[in-house]
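Any read-out appearing in this document is the output of simple, stated calculations on the displayed coordinates, not a laboratory observation. All values reported here derive from a predicted model rather than from experimental measurement. For neighbour counting, all protein chains shown are included, and Cβ atoms are generated from backbone atoms with ideal geometry for every residue, glycine included.
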Amino acid sequence: MATTTDEDDAFDAIVDAPFDSALSERYLVYALSTITARSLPDLRDGLKPVHRRLLWAMRALKLDPANAFKKSSRVVGDVIGKYHPHGDAAVYDAMVRLAQDFSLRYPLVEGQGNFGNIDGDNAAAYRYTEARLTRTAMQLMDGLDEGTVDFIPTYNNEEEEPEIFPGLFPNLLANGATGIAVGMATSIPSHNVAEIIDATLELIGNQHVEHARLMELFHGPDFATGGVIVDSPAAISHAYETGRGAFRVRGRFHAAEAKEEADRDAGIERLGGGQYQLVISEIPYMVQKGKLIEQIAQLIADRKLPILEDVRDESDEQIRIVLVPKSRNIDPELLKESLYKLTDLESRFSLNLNVLDATRTPMVMGLKELLGNWITSQIDILQRRTQHRLERIAARLELVEGYIIAFLNLDRVIEIIRTEDEPKAVMMAEFNLTDRQAEAILNMRLRSLRKLEEMELRQEHADLLAERDELEKLLGSPDRQRTRLTRDLRALRKEYAEDTVLGRRRTTIAEAAPTVEFTMDAMIEKEPVTVILSAKGWIRAARGHVPLDQEWKFKDGDGPAFALHCQTTDKLLIAADNGRFYTLGADKLPGARGFGEPIRTMVDIEADAGIVAALAYKPKGKLLLAATNGKGFAAEMDELLAETRKGRQVVNVKDKVKLSVVRPIAEEDDHIAVVGENRKLIVFHLQEVPVMGRGQGVQLQRYRDGGMSDAVTFKLEDGLSWTMGGETGRTRTEKDIRMWKVARGAAGRLPPTGFPRDNKF
């Protein structure tokens, strides 16, 4: 018979199975473990296992608020040694978070030493810090010794730990939770305890209460760091009804030192000379102050926030971030809106009410369902506490009744004890005592035999019977249980009322008012400038509105072409004779000390194209565009803005045809005049000219030879005007132009006497 080797045993243990099924089975086990034992909180106490084990270990070390602190390393050691076989860093990080008042709305651990700060700095190592439980944590664990919850073995079966905590403190909603499991996640913000209790009491009183009524009492998140939630009440209500949603959280601007109440609420501190500065007093939850300030400083350095001069951190225990605007003329609301858009001063916090129910099943619940399940769990805890107390009363009554029998027959009891070899059996037989009663009598001290003790026993017996009667009524009546829960919740609410330091609401819920329209262009400081564009395409901008006929210096062989007044906030439209339009920001033009810079370094104008117009963009403005072949159309300025250096093709031209006329159309203009190189003039109604975004347009005037010279729009009753020649610069107006008023596309006739010889209006 062949012997079996170790190698044979190893190979016999190999299971031949498809890889995908083996992998899926093992991954499913891992996924379930992550979901139920690591990442999702239990709705009953709102804790994950690591937090529950931390608090349980601290309770075992008697670290209650009345006792002294102990080293955090002692706590961490007990947790990982007895209850939570994971890394010490993970356990300590969890403990640190429970102690941070900027992370937890109602801290469960009181820390002594460096437990980190809102700037993002880490806590000191656990050998340097000390900790103990807070009163809130004690309330969460209240009832652990009263049979309220099941105890389960620890990972090595050497100790026991509670399955959940039975306390009445509504920790799940009060402190919130975040976690990522496998295929699911949870994200629950913190809330105000008083509001949670109010909504719970409403649901206890009326199980069919509408969700809208609950939201009248339960207003929404209340973050540890305060801030402002700017979503509409309808959006917030819908999020809690479905269990999913998101909130926009903004920092708060508040200047405590401001004299005017309006300035104080807006965060504006007035300085001398009309200057001001903004003060941020609260930042969004989970945003690190240091990183937020770095963000703002980087925007200033990169010139992405040109309306902001400086940012300073003047925080002590209270947050105080000071923002200095570039000038006093900058709208504070625009600066705020800019920061909301470009930094984490506005952040989003998602709501995903995904929790483990009483059967350890993960599910997303709405607010009403969540509170309903929590009420059910608290009723169950109340019933178990009552049953446990009844069992304790029964055990005590048994002993008290035995003591009373002993007092009634004291002389005989003493005689039995003195004379009998086995007094216990004799007493049990003679007085009909139980084993526990007889044992208790034998263990009585002589000092207990005084008369006063007998009276106290009889009173205790009566009190226990009365308490038992009340507890049995409570256990048998759901209405009494709801009444008891209501009474206990109201007592708890007093500790977290709105007028207490811990209970005061920190986060304001206010729908954002219509804000200043935010664009990067809106952040440019508005200043008047005069733009000069030379014949050879050199452009510059002089500060202020200087006379347009002022003499400017140009390079040799160059001269003036276009000059216009505008603001640094304006966009310039540059039209080339190939029908292409380009856009330039007036704030980006070089100064007028030199000759400027070639415009072709800013936009990609073709080398053989000439510039025919330069004008400031006006929202909803219109331009008349016409080419040398007499075709043209009206275009809206909004359609002419180009996003890139390559510009936008607007007028389609072919062969030797070029764009030659680019003129603004005034709102009151109702007619158009066109003159050709043949000195023929026509006038027709402006409605005959279509408004187009791109194309060749329609025939404005017909020619046998030559092409169009000029075109202009005007108001008919004001007459047609043109500039006279010579140095006078006078303008002549011809009001009677009936002779030239014809249909679009006509040839026209010679203009009035005195019309310029260059055929230009």
Cross-link list LYS620/LYS735; LYS536/LYS620; LYS536/LYS656; LYS735/LYS760; LYS62/LYS494; LYS536/LYS760: which exceed 24 angstrom alpha carbon to alpha carbon? LYS620/LYS735; LYS536/LYS620; LYS62/LYS494
In vacuo Debye sum over C-alpha of the range 618-761, base-10 log of normalised intensity I(q)/I(0) at q = 0.13, 0.18 Å⁻¹, listed in q order, is -0.57, -1.04
When only DSSP loop residues count, what chymotrypsin sites (Phe, Trp or Tyr not before Pro) in the range 532-634 have their Cβ near at most 16 other Cβ atoms within 10 Å? TRP552
In deg cm²/dmol and to the nearest 500, what is the mean residue ellipticity at 222 nm of the chain if only DSSP H runs of at least 4 residues count, each as -39500 (n - 2.57), divided by the residue total? -10000 deg cm²/dmol
Taking θ as phi - 60°, what are the ³J(HN,Hα) couplings along the range 36-51 by the Karplus curve (6.51, -1.76, 1.60), each to the nearest whole Hz, with x for Gly and Pro? 8, 10, 8, 9, 9, x, 7, 5, 6, 10, x, 10, 8, x, 5, 5
Where the centroid of each part is defined by its Cα atoms, how far is the range 308-339 from the range 190-232 in Å? 33
Answer rounded, prolate or oblate for the range 526-613, using the Cα gyration tensor with square roots of eigenvalues a ≥ b ≥ c: rounded when a/c is under 1.5, else prolate when a/b is larger than b/c, else oblate. oblate
Each residue of the range 291-307 in order: what ³J(HN,Hα) in whole Hz does its phi give by Karplus 6.51 cos²θ - 1.76 cosθ + 1.60, θ = phi - 60°, with x for Gly and Pro? 6, 4, 5, 4, 4, 5, 4, 5, 4, 5, 5, 7, 6, 8, 9, x, 8
Whole-Å semi-axes of the chain's equivalent ellipsoid (Cα gyration tensor): 88, 29, 26
Test of the criteria: in the range 584-628, which trypsin sites (Lys or Arg not before Pro) are in a DSSP loop and have at most 13 other Cβ atoms within 10 angstrom of their Cβ? ARG593, LYS620
Along the Cα-to-Cβ line of SER448, 7 Å from the Cα, sits a label point; which residues in the range 368-393 have backbone N less than 20 Å from it? 392-393
Which residues in the range 172-215 have a backbone N closer than 20 Å to a point placed 7 Å from the Cα of THR500 along the Cα-to-Cβ line? 172-176, 190-202
Answer in debye to the nearest 20: the dipole magnitude of the chain about its Cα centre, from +1 Lys/Arg and -1 Asp/Glu charges placed on Cβ, is 4440
Taking SER24, SER347 and counting other beta carbon atoms within 10 angstrom, the fewest-first order is SER24, SER347
What full-extension length gain, to one decimal in nm, is calculated for LEU641 and THR569 as 0.36 nm per residue of separation minus the Cα-Cα distance? 24.5 nm
Once the in-chain neighbours fewer than 8 apart are removed, the lysines whose Cα is under 22 Å from LYS304 read LYS289, LYS291, LYS326, LYS336, LYS341, LYS526, LYS571, LYS588
What is the chain's relative contact order, in percent, from Cα pairs under 8 angstrom and six or more apart in sequence? 9
Can you sort PHE151, PHE407 from fewest to most other Cβ atoms within 10 Å of each residue's own Cβ? PHE151, PHE407
What is the distance, in nm, between label points placed 7 Å from the Cα along the Cα-to-Cβ direction at GLU369 and at GLU677? 8.0
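Peptides 73-85, 104-116, 315-327: what's the order by average Cβ count within 10 Å, highest mean first?
Order by mean packing, descending: 104-116, 73-85, 315-327.
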Within 14 Å, Cβ to Cβ, of HIS191, how many net charges do the neighbouring residues add up to if Lys/Arg are +1 and Asp/Glu are -1? +1
Measure off 7 Å from each Cα along the Cα-to-Cβ vector at LYS654 and LYS341, then give the distance between these two points in nanometres to one decimal. 4.3
ALA246 long-range amide H proximity, modeled H, under 5 Å: LEU351
Just in the range 173-254: which GluC sites (Glu not before Pro) are loop by DSSP and have at most 12 other Cβ atoms within 10 Å? GLU210
Gain on full stretching of the segment that runs from ALA743 to ARG480 - 0.36 nm per residue minus C-alpha separation: 85.3 nm
According to a simple spin-label model (label point 7 Å from Cα along Cα-to-Cβ), what is the distance in nm between ALA37 and ARG458? 5.8
Tell me the net charge near VAL653. Cut-off is 15 Å between Cβ atoms, VAL653 excluded, with +1 for each Lys or Arg and -1 for each Asp or Glu. +3
Sum up the charges of everything whose Cβ sits under 14 Å from the Cβ of ILE393, counting Lys and Arg as +1 and Asp and Glu as -1, but leave ILE393 out. -4
What is the Å³ per residue value for the convex hull set by the Cα atoms of the range 28-135? 110
Using a Förster distance of 45 angstrom, determine the FRET efficiency expected from the C-beta separation of GLU420 and THR154, and round it to 0.05. 0.40
What's the FRET efficiency of ALA234 with TYR30 using the Cβ-Cβ distance as r and R₀ = 35 Å, to the nearest 0.05? 0.30
Cα-only Debye scattering, the range 644-706: base-10 log of I(q)/I(0) at q = 0.14 Å⁻¹: -0.53
